[in-house]
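S.K.: Below is one structure. I have some questions about it.
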Amino acid sequence: MATATRQLSTAAERREALIEAAFVVFAEHGFHGTPTTAVAKAAGISQAYLFRLFPTKEELYVAAVERCYEKLGATMRAGAERARAAGEEPMAGMAMAYLGLMEDRTTLQATLQAFAAASGGDGVVRDAVRKGYGELYELVRRLTGAEGERMREFFAQGMLCTVMAGMDAPSIGEPWSQDLVGGDINDCRP
């Protein structure tokens with residue numbers, strides 16, 4: 001009779017799986033609306049083991065926020081690289097890549113939830129969101145050479161698209177939503 005072998009994952013693999021599960025569950029329910037039991041269940045581990053890997057819910061959420069900004073940064077880098085390869089401006093490639101990322105509802109929700117959690121008074125979470133946003137800003141600046149007004153416009157448009165996609169405003173086709181995206185409602189599609 002054949003013996004089934006059970007493959008054990010390493011602590012690093014379980015930690016990685018936990019961060020991915022936390023990213024998804026926190027994106028859906030937010031920091032305050034997510035019990036750690038739900039994250040543990042999604043990761044396929046016990047709540048006790050969750051707390052061995054991350055001693056507090058706050059530390060786990062910070063790891064999920066960091067994952068969110070890792071995804072945003074990777075998207076910006078890939079967009080800039082594609083644009084350069086095509087002989088186009090890196091910032092335009094980043095904008096297109098970001099619009100594509102907004103179709104991923106989990107990343108969209110994680111981004112919005114991070115901003116909401118940062119405004120909720122928790123200094124550690126707020127610091128993590130500020131750090132991630134600042135690093136994203138520096139990445140865009142470094143890859144494009146843009147500064148000042150150009151950076152403000154890029155990030156303002158990105159924030160507008162994030163909010164519009166979060167509301168799924170482009171799908172309603174209302175004049176106000178079309179006006180906010182400059183007439184091309186597909187520029188902020190979810």
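Read-outs: derived from the displayed coordinates by stated rules, not from any lab. Quick caveat: nothing in here was measured; it's all calculated off a predicted structure. Glycine also receives a Cβ, built like all others from the backbone with ideal geometry; neighbour counts cover every protein chain displayed.
S.K.: Which of the listed residues, Phe154, Val62, Ala78, is farthest toward the dipole's positive end in the chain, when Lys, Arg count +1 and Asp, Glu count -1 at the beta-carbon?
M.R.: Farthest towards the positive end: Val62.
S.K.: Once phi is turned into ³J(HN,Hα) by the Karplus curve 6.51 cos²θ - 1.76 cosθ + 1.60 with θ = phi - 60°, what whole-Hz value does each residue of region 148-162 show in order, with x for glycine and proline?
M.R.: x, 4, 4, 5, 4, 5, 4, 6, 5, 5, x, 5, 4, 5, 4
S.K.: Using only the alpha-carbon atoms of region 110-184, report the extent along each of the three principal axes, biggest first, to the nearest angstrom.
M.R.: 39, 33, 15
S.K.: What are the extents of the Cα atoms of region 33-116 along their three principal axes, in Å, largest first?
M.R.: Principal-axis extents of the Cα atoms in region 33-116, largest first: 52, 21, 20 Å.
S.K.: Dividing the alpha-carbon radius of gyration of the chain by 2.2 N^0.38 Å (N being the number of residues), what value is obtained?
M.R.: Against the compact-globule rule of thumb, the ratio is 1.17.
S.K.: With the Cα gyration tensor of region 75-130 in hand, give its eigenvalues times 5 under a square root as the equivalent ellipsoid semi-axes, listed largest first in whole angstrom.
M.R.: Values for region 75-130, descending: 29, 12, 7 Å.
S.K.: Would you work out which of Ala116, Ala92, Phe51 lies farthest towards the positive end of the dipole of region 50-190, given +1 charges on the beta-carbon of Lys and Arg and -1 on that of Asp and Glu, about the Cα centre?
M.R.: Phe51
S.K.: Using a Gaussian network model of the chain whose springs link C-alpha atoms within less than 10 Å, name the residue from Arg105, Arg77, Arg150 with the highest mean-square fluctuation.
M.R.: Highest fluctuation of the listed residues: Arg150.
S.K.: So, with +1 on the Cβ of K and R and -1 on the Cβ of D and E, and no other charges, what is the size of the charge dipole of the chain about its Cα centre, to the nearest 20 debye?
M.R.: That gives the chain a dipole magnitude of about 760 debye.
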